[in-house]
Amino acid sequence: MSDHNVFVTESTVAGDDAGPLADRTIAIKDNMSTEGVRTTCGSAMLADYVPPYNATVVDRVLDAGATIVGKANMDEFAMGGTTETSAFGPTENPAAPGHVPGGSSGGSAAAVAAGDADLALGSDTGGSVRNPAAFCGVVGIKPTYGLVSRYGIVAYANSLEQVGPLATTVEDAALLLDVIAGPDDHDATTHDRAADSEYAAAADGDVDGLSIGVITDLIEGADDDVVETFEASLDELESQGAEITEVSLDSLEHAVQAYYVIAMSEASSNLARFDGVRYGPEGDREGNWNDSFAAVREEGFGPEVKRRILLGTYALSAGYHDKYYKKAQDARAWVKQDFDEAFEEVDVLASPTMPVTPPALGESLDDPLQLYLMDANTVPVNLANLPAISVPAGDVDGLPVGLQLIGPKFGEETIIRAASAVEE
Amino acid sequence: MSDSPVDPEDVRHVAGLARVDLADTEVDEFTEQFADILDYFEALDEVPEVDSEPELVNVMRDDEVHEGLSQEEALQNAPETEDGYFKGPSVS
């Protein structure tokens, strides 16, 4: 294994002998339950937690023949974009040493980039698969909400998150998506649409006649050299027969605000379960329930998790619910409408995955708001429940840049086809 | 800074609601950061009311007995158990 602090736990779990992923190794983000293998979520709160069952996606990759090689490092409870909030130390970007791998699925992307695993699973609540895919120079897919089961994933913000594949090629990422997609009795939000998917076959590189709309609102805030790299990859698609146009979505100005209010609100509720009784550090049993509960949570949670729980509690508290949470839901509906209208004109939408290149290790955590703004290009997709893929577009002085392609609901084949043309 | 500045008492109040103890240094840091972040969230005020049809359907299933976790498995991660139960602090 490489020395980038990719894994929280290295552990080999062999899958079935045969199947579409036979002979493939896979890294699993450490917020996905693995029976008998500890699952920390990057948190001291779950440092010793050993799940008694597998997440559905874990069962599916094992049934498909993959061999799990380890549980990948991540931002604590998936809250972060650099994998520096992990209680188990930061992961280094194998594609850009000295820099962050992105996050929150930074260990998953780094595992693939370093060759420690052929494939990886990440989860994407506001960009947590696409961001590290872009920063580590690999491919990552955020599926349509409801395409992949969330059963057995440690919940952060249920209405936004999906499990997604990471790989070095579009075809491999699509193949892994074929394995994990489809209905699950244990997750009532899953859709039967993907039961017999053939996403890998869609990676045929044919973009002749495909219309691609560049989201100008997401170009304006991006670094100039990132935009240049992005535009060069679009020129390449145009030369293969794609038609490039520009679109503007006014609602996107409010997407980051809406995302953080909704995600923090859901997190404040979801993370109430960490009370030191069923799992977690042992509290002081002498005090009453509330004192013991508050002491365990002070000890078990890191600063970013506390920040989001408190802000979410604030946004849902009496007198502030209408001002923040209700307005954020309005913004979410507006973002969805804007995307629906855009897809009446074009087949796919495009932007740089990240507005910046990967920051140096240790340089971002001091200013949380600046870090939230780095998610501007990825969060709209989660608010609108849409599928998106990040594919390597090139680099700026050796630092990877990703191209994001967004499709209409259940339009995975279209974005996979378009992304495979970028690799040509 | 925000029109409605956040003071340390606000942070302590919310931390109490969320059942998270905070050190004094954390209260000071969060007070400053929350003012910036909430000020940024203020822009949501410009969002128009949106008429939307939620794409929701009821997902029904038969109420059948399935195999679940054993009592031992359910308790295996608890810091403290007694006679097959979770053991927690007193409620009052």
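Overview of results
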{"quantity": "Residue in segment B:70-87 that is facing chain A (nearest Cβ under 8 Å) and assigned to a helix (DSSP H, G or I) present", "calculated": "yes"}
{"quantity": "Qualifying residue in segment A:236-245 (condition: under 20 Å from A:Gly411 (Cβ atoms), crowded, with 19+ Cβ neighbours inside 10 Å and touching a Gly at 6+ places or on another chain (Cβ under 9 Å))", "calculated": "yes"}
{"quantity": "Members of segment A:179-196 that are buried (at least 21 other Cβ atoms within 10 Å of the Cβ) and either farther than 17 Å from A:Val58 by Cα or away from chain B (no Cβ under 14 Å) (or both)", "calculated": "A:Val179, A:Ile180, A:Ala181, A:Ala194"}
{"quantity": "Residue that is farthest from A:Leu365 (Cα to Cα) [pool: residues in segment A:295-307 that are of a type in the set (D, E, K, R) and either more than 10 Å from chain B (Cβ to nearest Cβ) or touching a Phe, Trp or Tyr at 6+ places or on another chain (Cβ under 7 Å) (or both)]", "calculated": "A:Arg297"}
{"quantity": "Failed condition for A:Arg278, given (1) without any contact (Cβ under 8 Å) to a residue 40 or more places away in the chain; (2) in a helix (DSSP H, G or I); (3) of a type in the set (Lys, Arg)", "calculated": "(2)"}
{"quantity": "Search result, residues across segment A:283-294 that are free of Cβ contacts under 8 Å to residues at least 12 places away in the same chain and within 7 Å of another protein chain (Cβ to nearest Cβ)", "calculated": "A:Arg285, A:Gly287, A:Asn288, A:Trp289, A:Asn290, A:Ala294"}
{"quantity": "Single residue of A:Asp225, A:Asp250 found to be within 18 Å of A:Pro392 (Cα to Cα), acidic (Asp, Glu) and touching a residue at least 40 places away in the same chain (Cβ under 8 Å)", "calculated": "A:Asp225"}
{"quantity": "Selected residue (criterion: nearest to the other protein chains (Cβ to nearest Cβ)) from residues of segment B:14-34 that are closer than 15 Å to A:Thr313 by Cα and among the small types (Gly, Ala, Ser)", "calculated": "B:Ala18"}
{"quantity": "Breaking point among (1) touching a residue at least 12 places away in the same chain (Cβ under 8 Å); (2) within 29 Å of A:Tyr324 (Cα to Cα); (3) more than 14 Å from every other protein chain (Cβ to nearest Cβ); (4) surrounded by fewer than 20 Cβ atoms within 10 Å (Cβ to Cβ), for A:Leu218", "calculated": "(4)"}
{"quantity": "Exclusive hit being in a loop (DSSP other than H, G, I, E, B), more than 9 Å from every other protein chain (Cβ to nearest Cβ) and more than 26 Å from the chain's Cα centre (by Cα), set B:Asp62, B:Asp51", "calculated": "B:Asp62"}
{"quantity": "Output for segment A:323-342, where each listed residue is away from chain B (no Cβ under 14 Å) and either in a loop (DSSP other than H, G, I, E, B) or within 23 Å of the chain's Cα centre (by Cα) (or both)", "calculated": "none"}
{"quantity": "Index of the failed condition, A:Ala318 passing every other in (1) within 7 Å of chain B (Cβ to nearest Cβ); (2) free of Cβ contacts under 8 Å to residues at least 12 places away in the same chain; (3) among the aliphatic types (A, V, I, L, M)", "calculated": "(1)"}
{"quantity": "Checklist (1) crowded, with 20+ Cβ neighbours inside 10 Å; (2) in contact with a Phe, Trp or Tyr (Cβ under 7 Å, 6 or more places away or on another chain) applied to A:Asn270, failing item", "calculated": "(1)"}
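Bear in mind these aren't lab numbers, they're just calculated from the coordinates by the rules spelled out. The structure presented is a predicted model; accordingly, all values stated were derived computationally and were not measured. Note: ideal-geometry Cβ built from the backbone for every residue, glycine included; neighbour counts use all protein chains shown.
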